[in-house]
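Quick notes on the structure that follows.
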Amino acid sequence: VKPMTPRCTVPKAVPVGKTASLHCHENEGYPKSTYSWYRNSEPLSPDTKPNAKLQNSSYTLNPATGTLVFHAVHKGDTGRYSCIATNDAGFAKCEEQEMEV
């Protein structure tokens, strides 16, 4: 069963240095969906080894639960976030939401 459009929760504004939790979930898809997050249409890697493009971003992304947690946000984390739920039958994407730091 193809996933439904996931429900995404993105905080509107987060003070620099604070923790930000973004959530993405849908429960119609079978088999269970896995989740991937995007910032400004760029995929966020579930593997957060320092990489030039993400400039020392410190976050944890759990593809099984759809939770994206920034441990200490910085200005560079500002952007439009969206999430895609994917399973063998297809995928569904939530609306982009702005998070300001």
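Contact map, the stretch 73-96: residues that are on the phi > 0 side of the Ramachandran plot paired with residues that are buried (at least 17 other Cβ atoms within 10 Å of the Cβ), Cβ distance under 8 Å, separation 6+ or inter-chain. Pairs shown: GLY79/ARG39; GLY79/MET99; GLY90/PRO3.
Which residue is farthest from GLU96 (Cα to Cα), if the candidates are limited to the stretch 7-26 and must be hydroxyl-bearing (Ser, Thr, Tyr) and open to solvent by less than 80 Å² (accessible area, probe 1.4 Å)? Step through it out loud before you land on a result.
Restricting attention to the stretch 7-26, the residues satisfying the condition of being hydroxyl-bearing (Ser, Thr, Tyr) are 9, 19, 21.
Adding the requirement that they be open to solvent by less than 80 Å² (accessible area, probe 1.4 Å) leaves 9, 21.
Working: THR9: 10, SER21: 15 Å.
The extreme case among them is SER21.
The values are calculated or read from the model by the stated rules, or taken from the named source; none is laboratory data. What you see is a predicted model, and the numbers here were worked out from it, not measured in a lab. Heads up, the Cβs are rebuilt from the backbone with ideal geometry, glycines too, and the neighbour counts pull from every protein chain shown. Each accessible area value is taken on the protein alone, full model and side chains, heavy atoms only, with ligands, DNA and RNA left out. Shrake-Rupley method; radii C 1.70, N 1.55, O 1.52, S 1.80 Å.
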